[in-house]
Amino acid sequence: MERFVGKVVIVTGAGSGIGEGTARRFSDEGAAVVLVGDHRRKVAAVAADLPKERTLVKVADVSKQRDMEDVVAAAVKAFGRIDVLVNNAGIFKGSSVTKTKPADWERVMAVNAGGVFYGSRAALPYLIKRRGCIVNTASVSGLGADWNMSAYNASKGAIVQLTRAMALDYSRQGVRVNSVCPSLTETDMTEDMVKDRKLVAKFMERMPLGRVAQPADIAAVIAFLASDDARFVTGANIPVDGGVTASNGQPPAE
C-alpha cells in the first residue's frame, strides 16, 4: 500500500520496538518520516536503510518542551508540513507507590505523559493546517491496572484520557486523535519479560491469540488510525492486545 505518499510523519521513540516498526511501516507506505529518539546511534541505525530523501533523524528528550518544538520546526523546514504525529516514546519503572522513588515517578510521568503533551502542543498548529492526526501509544496498562506498576499505570492512564480530551478539543478543526493500547509486545523494554518462560506462560493464560505481539502488529494499527480508512474514528483507545481485554478476569473454563 502507498497510503502516505506525499505525507510527513513524526514518530517519537523511533530507535527500537514499536517506534521503529511504526517508522518503517510509514516509510514503506511512502511517507517522509522524522525519526525521533534520545540516542542518535539507535535512531540513525533505523534510518540507515530508509530512503534518504524522505528520512530525517532528530535527537530529542520528549519530556522537554523546547526539544519537541525543535523537532517540529525541523520537520517543517525539511518537508514543509506535518500530517501525522505518533507519540510513541515511553519508559518503564515498576513498583508500588510506597516503593517508587519520587524521581522515578517524576521521570515516568514526564516522558510518558509529558511527551504526549509537549509533542502534541508543538505539532497541533501544523496538524490543524493539514487536517492531520495524532496517534498515541498508550497501553492496556492505561485501561486497567497492574500489580506493582503504579507510575507506569498512571502515566498510560493519563495518555488514554489526554487522547480523549484532545479528540474533543480539536476534532472541529479537522484533527483526529486516537491511541493504541498494546499488551505484552516484544521490544527492548520487555526483553527480560519475554525471555521469562514462566511469566510468558502466565500472560498466555489471559491472551486468547496465544502469542506475544511483535512491533509490526502494533504499527499496522497505528498506520490504520492515521489513514483515511479511519476518517470517522477519533477519541478511541484501541486495544491491540491479542484479546486480553476481552476477558473480565475470571479464569478460563477447563
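Every number here is computed from the coordinates shown, using simple stated rules; none is lab data. Just so it is clear, the model here is predicted, and its values are computed rather than measured. Please note: Cβ atoms are built from the backbone with ideal geometry, for glycine as well, and neighbour counts cover all protein chains shown.
Table for the structure above
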quantity: Highest average packing first - 77-89, 237-249, 18-30, Cβ atoms within 10 Å; calculated: 18-30, 77-89, 237-249
quantity: Centre separation in Å (Cα based) which lies between region 66-110 and region 6-53; calculated: 16
quantity: Percentage relative contact order, region 1-104, counting C-alpha pairs under 8 Å, at least six apart; calculated: 30
quantity: Protection proxy ranking, peptides 110-118, 128-136, average beta carbon neighbours within 10 Å, highest first; calculated: 110-118, 128-136
quantity: Estimated 222 nm signal from helices in the chain, with DSSP H stretches of n ≥ 4 weighted -39500 (n - 2.57), rounded to 500; calculated: -12500 deg cm²/dmol
quantity: Most mobile listed residue (THR100, THR187, THR163) in the chain, GNM with C-alpha springs under 10 Å; calculated: THR100
quantity: Computed lengthening from THR98 to ALA45, 0.36 nm per intervening residue step minus Cα-Cα distance; calculated: 15.2 nm
quantity: Added length on full extension, which subtracts the Cα-Cα distance from 0.36 nm per residue, ALA220 to ALA78; calculated: 48.5 nm
quantity: Centre separation in Å (Cα based) which lies between region 173-243 and region 149-163; calculated: 15
quantity: Simple spin-label estimate for ARG3 and ARG130 in nanometres, 7 Å along Cα-Cβ; calculated: 1.6
quantity: The chain, relative contact order in percent, only Cα pairs under 8 angstrom and at least six apart counted; calculated: 19
quantity: 12 Å beta-carbon shell around ALA219, net charge (K/R +1, D/E -1); calculated: -2
quantity: Kyte-Doolittle mean at least -1.0 and Cα axial length at least 20 Å: DSSP H helices in the chain; calculated: 65-79, 114-130, 150-170
quantity: Cleavage-rule hits (chymotrypsin sites (Phe, Trp or Tyr not before Pro)) in region 147-254: DSSP loop, at most 11 neighbouring Cβ within 10 angstrom; calculated: TRP147, PHE232
quantity: Lysines whose Cα lies under 29 Å from that of LYS77, excluding same-chain neighbours fewer than 8 positions away; calculated: LYS7, LYS42, LYS52, LYS58, LYS64, LYS129
